[in-house]
Amino acid sequence: MNKEWARERLQKYLEAVRAYVSNIEDGEGYNQQAYEDVMALEPAAKAIMKQANPDFKDYNFIHHAHNTAITSVIHSLALLRDAEEMEANLKPAGPQLGADTFHPWVWESARSLWATRHYREAVQASATSINAHLQDLSGRRDVSDYKLVIELFSELPPSKGKPRLRWPGEPSDEEYKSMQGGIRSFGSGIFQTIRNTSSHNLIELTEQEALERLAAMSLLCSWVEKCELVHA
């Protein structure tokens, strides 16, 4: 609904009704023009009120339902005015995600930048931290970022200087296969999308955008921590 248009039409209808009632109360009696003004505006006004007010009850203005008309319009105008505020404050509360509950590899490096609202830099610092921890964990310095994730979760057996990370379970199990391949794709995707864009794109992120990126990286770290490092 176009709320601005709806409010304007209701306000015109309210003024017409009040003008009609005023003529009667002032002793001037029935005024044909005032009545026609009300009737011309009433169809649209009632259609708006039916949509704006769930409790709207139709009425017959001809049978002197003047007060009902005025009350219905006032209620509908109030609902239109407060619609966005009521929606924001009356909707069910969604779950709250606290950044300080993220994996330490993510949050410890982002904390100070986040406090100063440098959200893009906070995301970049977290991605850099993850890469550093993966390099320390694997002892690899010859490869980094998404290439390192692909190497660590490769289906190839470990070789000299190239350990692998393995999800717990039997390699023949479907869960193992799904998680092993899924983490490889998820982790390399995070570095290619989140790490690279935060490093090369200088456009600032909103708090929500940054929070979503930190949450994705935190999930990756939690999965990595559950894996076993296998050497040749």
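Is the shape of segment 82-181 best called rounded, prolate or oblate, per the rule: a/c under 1.5 gives rounded, else a/b larger than b/c gives prolate, else oblate, with a ≥ b ≥ c the square roots of the Cα gyration tensor eigenvalues?
Taking the square roots of the gyration eigenvalues as a ≥ b ≥ c, segment 82-181 is oblate.
Over the chain, what is the relative contact order in percent, taking alpha-carbon pairs closer than 8 angstrom and at least six residues apart? Intermediate values should be presented prior to the final figure.
Working: 230 pairs, mean separation 45.5, N = 232.
After rounding, I find 20 percent.
Keeping every protein chain present and rolling a 1.4 Å probe, give me the accessible area per residue for the chain in Å².
59 Å²
Considering Cα pairs under 8 angstrom that are at least six residues apart, work out the relative contact order of segment 1-118 and quote it in whole percent.
Numbers: 62 pairs, mean separation 29.6, N = 118.
Contact order relative to length: 25 percent.
In what order, largest first, do His63, His133 sit by accessible area if the probe radius is 1.4 Å?
Ranking His63, His133 by accessible area, largest first, yields His63, His133.
For segment 148-165 and segment 32-82, compute the distance between their C-alpha centroids and round to whole Å.
73 Å
Rg/Rh for segment 191-232: what does it come to with C-alpha atoms and Rh from Kirkwood?
On the way: Rg = 13.7 Å, Rh = 12.1 Å.
The Rg/Rh ratio comes out at 1.14.
Note the angle between two axes, namely the Cα long axis of helix 207-226 and the longest principal axis of the Cα atoms of the chain, as a number of degrees from 0 to 90, rounded to the nearest 10.
Approximately 40 degrees, to the nearest ten.
Which angle between 0 and 90 degrees, to the nearest 10, do you get for helix 66-90 versus the longest principal axis of the chain when only C-alpha atoms count?
Orientation of helix 66-90: about 10 degrees from the principal axis.
Kindly express, to the nearest 10 degrees and within the range 0 to 90, the angle between helix 3-25's C-alpha long axis and the longest C-alpha principal axis of the chain.
It works out to around 20 degrees.
Keeping every protein chain in place, order Lys12, Lys160, Lys46, Lys3 by accessible area at 1.4 Å, biggest value first, i.e. largest first.
Per-residue accessible area, sorted high to low, gives Lys160, Lys12, Lys3, Lys46.
Taking a cut-off of 32 Å, what percent of all Cα-Cα pairs in the chain are separated by more than that?
52 percent
Given a 1.4 Å probe and the protein chains all in place, what does the accessible area of Arg141 round to, in Å² to the nearest 10?
150 Å²
Counting only protein heavy atoms and a 1.4 Å probe, tell me what percentage of segment 117-169's accessible area is made up of carbon and sulfur.
52 percent
Which ³J(HN,Hα) values in Hz, rounded to whole numbers, follow from the phi angles of segment 32-39 under the Karplus curve 6.51 cos²θ - 1.76 cosθ + 1.60, where θ = phi - 60° and Gly and Pro get x?
Those phi angles translate into 4, 5, 4, 5, 5, 4, 5, 5 Hz.
Whenever you get a sec, line up Thr197, Thr101 from highest to lowest accessible area (probe 1.4 Å, protein heavy atoms).
I get Thr101, Thr197, largest accessible area first.
With a 1.4 Å probe and every protein chain kept in, tell me what percent of the accessible surface of segment 1-105 is carbon plus sulfur.
Answer for segment 1-105: carbon and sulfur cover 50 percent of the accessible area.
The values are calculated or read from the model by the stated rules, or taken from the named source; none is laboratory data. Worth saying up front: this structure is predicted, and the values here are computed from it rather than measured. For the accessible areas, the whole protein counts, side chains as well, though only heavy atoms, and no ligand, DNA or RNA atoms are used. Shrake-Rupley method; radii C 1.70, N 1.55, O 1.52, S 1.80 Å.
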